[in-house]
Amino acid sequence: MANHNELFRFKYCNDKRLCPILFYLPMGIVLVMPKCAELQTFDFVSCQQFCNSGAFKVPSEIKRDSFGLLKGRLVCVDYG
């Protein structure tokens, strides 16, 4: 169900904070996202502010492996 939620959010929220979905199978059974670089440092407060800014709150656990760098830009990779 989490993949289905990610697919729905990506398709309808149009938010650059979400890692893009490049390919998916029906019902979100499989999602393919671009490879993101791991965060070298993690700041809980900064990531929390990142999720809470903008038109909607990114529903993500505030932990290091929920975020990555895509072409140098911070994105949320786990928003299900």
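The values are calculated or read from the model by the stated rules, or taken from the named source; none is laboratory data. Since the model is a prediction, treat every value here as computed from it, not as a measurement. All Cβ positions, even for glycine, are placed from backbone atoms using ideal geometry, and neighbour counts span all protein chains on display.
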Open item on the list: Considering only residues that are free of Cβ contacts under 8 Å to residues at least 24 places away in the same chain and closer than 24 Å to PHE8 by Cα, which ones fall in region 28-42?
Closed with: VAL32, LYS35
- [ ] Assess whether LEU70 counts as being touching a residue at least 24 places away in the same chain (Cβ under 8 Å), in contact with a helix residue (DSSP H, G or I) (Cβ under 6 Å, 6 or more places away or on another chain) and not charged (D, E, K, R).
- [x] no
- [ ] Kindly establish whether CYS36 is over 17 Å from ALA2 (Cβ atoms), surrounded by 16 or more Cβ atoms within 10 Å (Cβ to Cβ) and at pLDDT 95 or above.
- [x] yes
Open item on the list: So in region 7-54, with the set limited to residues that are of a type in the set (Lys, Arg) and assigned to a loop (DSSP other than H, G, I, E, B), which one is farthest from the chain's Cα centre (by Cα)?
Closed with: LYS35
Open item on the list: Quick test of your reading of the structure: LYS57 fulfils all but one of (1) of a type outside the set (A, V, I, L, M, F, W, C); (2) outside any loop (DSSP other than H, G, I, E, B); (3) touching a Cys at 6+ places or on another chain (Cβ under 7 Å). Name the failing condition by number.
Closed with: (2)
Open item on the list: Residue under question is VAL45, and the condition is that it be surrounded by 11 or more Cβ atoms within 10 Å (Cβ to Cβ) and either β-branched (Val, Ile, Thr) or touching a residue at least 60 places away in the same chain (Cβ under 8 Å) (or both); does it hold?
Closed with: no
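Could you tell me how many of the residues in region 70-80 are surrounded by 14 or more Cβ atoms within 10 Å (Cβ to Cβ) and either modelled with pLDDT of 95 or more or among the acidic types (Asp, Glu) (or both)?
Matching residues across region 70-80 total 6.
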Task: Flag if LEU7 is surrounded by 12 or more Cβ atoms within 10 Å (Cβ to Cβ) and touching a Gly at 6+ places or on another chain (Cβ under 8 Å) - done: yes
